[in-house]
Each structure stands twice: as structure tokens, then as C-alpha cells.
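Below is one structure, written out as C-alpha cells; comments come after it.
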Amino acid sequence: MTDAVDTRRSYLAEVYVSLKPGINDPQGLAIRDGLRSLGYAGVEAVRAGKYLRVTLAADSSDDAHAQVTRMCDQLLTNPVMETYEISITALNDH
Amino acid sequence: MRFGVVIFPGSNGDHDALKSVELGLQEEVVPIWHKDTSIDNCDALLIPGGFTYGDYLRAGAIARFSPIMEAVTEFAERGGPILGICNGFQILTEAGLLPGALAKNSELTFRCDWIHVRVESDRTPFTATLDPGTVLRLPIAHGQGRYVVSESQLAELEANDQIVFRYTDSQGIEHDDYNPNGSTAHIAGVCNERGNVVGLMPHPERAYDALIGGDEGLKILRSVVDAGLSTVRA
């Protein structure tokens, strides 16, 4: 695509998506009840969510975080009902 | 009047929508493929139900990136009437053309049933000829129809008269037992602030003739014809 030397490196972004605290999570409730019926009487709450791994090229860890934040706001999550956490890991040079 | 039905990969209510206009309303209707980039002379758009893009990520999340959605957004901005049905409703919320979001049904079941909704507002082209309080019997078929909004957004919807349909019993009375999916405030359908874009989970296009179980959905589709609104042709 380009002859320019790419000084960027690869990062792995791990994105944890969950329903906002106030939003009823029927999946989480069903899983909680399943655990309780297995005998785990101490289970207090389960919230179900999504786990996404995005591998991307970026200038820095901060740049990767900023890019993935935008991805979350634009597509990966629905801000009306979901929240997210992002964890960035630099990958080894290839 | 000429209707357009927008078809995405995974739409499954597209032919119901086409037939409801052709046979129920006896008006002109054309299919619009999601890869098209323009809307050919339509006065009103229907975004049908289905499982576009497999409901991957979230229902409606991917469909909004289809090429046609830019033209749909322009059509909405020009004031053209748009009705999003079921997955079409989900797509319009994901596209930001309608407020709120649709989450998994509270009972975690796919609900396929006949239910009742009460018309809450007559300020949209799809309810202009219906008195608020009118009860309609319509089918539903969805797994992710629980309407979600924050409390402050709900107050805003109320204040702006953007709640168009609510789930009720056959007498038009609200009870939690008659809320098929756990929707906030029993909401079955909403509109944008301007009122020209409407979305609902029930299927009016599957209730256009008594022969198929009911014909009360036709009232919603006919409203936009009878209202005689000076809609802008796209």
C-alpha cells in the first residue's frame, strides 16, 4: 500500500463489554440461578457480557487505547445500555 | 403513494412488507437493496424485520453500515416517513435515528405471539389517523425486543411525545403481565423528535388481512397514505 516505513507496532486490545449497572441482565440472572442450583449457594450476582480481542497497529499504547475507545463508542458497544473496559498489551515485534 | 422496502442480507420480513403494501394497501411498492445508494422516488420507507448480519455483535449493529443507510438518513432528515419494524427498529436505534436500544427479552425466550398495543401519540405519519388510546392486535416475533432507555431519556421521550405505542391488554390497560419482553415503561414503539421516523417491535405488515390472522396492522400502514402528508420525495 505504501513505501513509507511503518514505525508503528502491534497491540492487543482486550475489550470487556457489559450491560450498565442499572440495566436488567436476564442472562446473568439465569447463570446465577444455574450456579446456585449446582450448589454454589454463596453466589451473589452474575453479570454476563462480551469479550473482544482487537489486534491493531498503533504508534503507542496510548494511541491504541484512544483508537479502541473510539471503536467502542462507534460500533463495539451501544452506549445506551453498555459500558466497557479496555486493556492494552504491546505485542512482540515481528 | 410509492413505498420502498429496504432489504438487507438476513431480512426476513421483506416480503411481508412488500405484500402488505401491494395487497393490503394496494399502493405501489419497490424493493431497495442494501447496496443501493439512492432511494428511487419513494414517499415512505419500511425497514423490515429479520436477523440482518446474523444479529452479530448486537441486533442491527452491522446493518447500519450498509451503503443504503446514508440515503435512509438523508430521507429521514428531509422529513420522509420511515417505519422500522422489529429488526428494522433495532437498526434505526443503532443508526441513531431513533432513541434508546433493544436488549434481550427479560424472560430470555423468543416470543412469537399475538399481543395488543395502545396508540399513544397521533403526531407521527403512521398514527396520524388513529386516535390515541386505540388498541391494535398485532403479532410479535423477537428475542431482543426489550426497549431500554435511561430514566432521564424516558422523561425526555414523555415530554416530547415520542412514545408511540405501549403494550397493553385487549382493553388497552397496561400490566406487567402484558409486557412481552420487559420493555421499560411498556414501550412497544417510539419516534424521533420530529415524528417522521417510527420504530416498533410488533409486526403491522404481518397483519394486513383477516385471512392471515389479523388486519389491524394495516391501519398503521394506511395512516401514512390517508394522512396525505406533504412528504418530500427523495
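Every number here is computed from the coordinates shown, using simple stated rules; none is lab data. What you see is a predicted model; the values in this text were computed from it and never measured. Please note: Cβ atoms are built from the backbone with ideal geometry, for glycine as well, and neighbour counts cover all protein chains shown.
A few notes on this one:
- Among B:Ala210, B:Ala63, B:Ala141: highest mean-square fluctuation, GNM of chain B, C-alpha pairs under 10 Å: B:Ala210
- Distances between placed amide hydrogens fall under 5 Å for B:Thr168 paired with B:His116, B:Val117, B:Arg118, all partners being 5 or more residues away or on another chain.
- The angle separating the long axis of helix A:61-71 from the principal Cα axis of greatest extent in chain A is about 60 degrees.
- The mean count of C-beta atoms from other chains within 10 Å of the C-beta of residues in B:93-104, rounded to a whole number, is 3.
- Peptide A:78-86, shielding by other chains (average Cβ, 10 Å cutoff): 4
- Relative contact order, percent, chain A [alpha-carbon distance under 8 Å, six or more residues apart]: 47 percent
- The C-alpha radius of gyration of chain B, expressed as a fraction of 2.2 N^0.38 Å, stands at 0.90.
- Electrostatic dipole magnitude of the protein assembly as shown [Cβ: Lys, Arg +1; Asp, Glu -1; Cα centre; debye, to 20]: 440 debye
- Scalar couplings 3J(HN,Hα) for the range A:47-59, obtained by applying the Karplus form with A = 6.51, B = -1.76, C = 1.60 to θ = phi - 60°, are 10, 9, x, 10, 10, 10, 10, 10, 9, 8, 8, 8, 6 Hz; x denotes Gly and Pro.
- Highest GNM mean-square fluctuation among B:Thr129, B:Thr73, B:Thr109, for chain B modelled with Cα contacts below 10 Å: B:Thr109.
- Normalised alpha carbon radius of gyration of the protein assembly as shown [divisor 2.2 N^0.38 Å]: 1.09
- Karplus-derived 3J(HN,Hα) values for the range B:110-124, using 6.51 cos²θ - 1.76 cosθ + 1.60 with θ = phi - 60°, are 7, 9, 10, 6, 9, 9, 10, 10, 10, 6, 9, 9, 10, 8, 9 Hz; glycine and proline are entered as x.
- Mean ellipticity per residue at 222 nm, deg cm²/dmol - from DSSP H runs of n ≥ 4 across the protein assembly as shown, formula -39500 (n - 2.57): -5500 deg cm²/dmol
- Among B:Cys112, A:Cys72, the ranking by other beta carbons within 10 Å of each residue's beta carbon, starting with the fewest, stands as B:Cys112, A:Cys72.
- Lysine-lysine proximity count for the protein assembly as shown, Cα under 19 Å, sequence distance 8 or more or distinct chains: 4
- Residues in the range B:136-141 carry Karplus couplings, in order, of 10, 9, 9, x, 10, 7 Hz; the curve used is 6.51 cos²θ - 1.76 cosθ + 1.60 with θ = phi - 60°, and Gly or Pro positions show x.
- Dipole magnitude for the range A:9-90: about 260 debye, using +1 per Lys or Arg Cβ and -1 per Asp or Glu Cβ, origin at the Cα centre.
- For B:Gly182, distant residues with modelled amide H under 5 Å away: B:Ser106
- Of all DSSP beta bridges in the protein assembly as shown, antiparallel share, percent nearest 5: 70 percent
- Per residue, the average separation of C-alpha pairs within less than 8 Å and at least 6 apart gives chain B a relative contact order of 22 percent.
- Cα-centred dipole magnitude for chain B, charges only on beta-carbon of K, R (+1) and D, E (-1), debye, nearest 20: 340 debye
- Result for chain B in a Gaussian network model with C-alpha springs under 10 Å: among B:Pro31, B:Pro202, B:Pro125, the largest mean-square fluctuation is at B:Pro31.
- Top positive-direction residue, dipole computed over the range B:2-226 with Cβ charges, set B:Asn41, B:Gly199, B:Tyr53: B:Tyr53
- Bridges between two residues of the range B:1-155, per DSSP, are antiparallel at a rate of about 50%.
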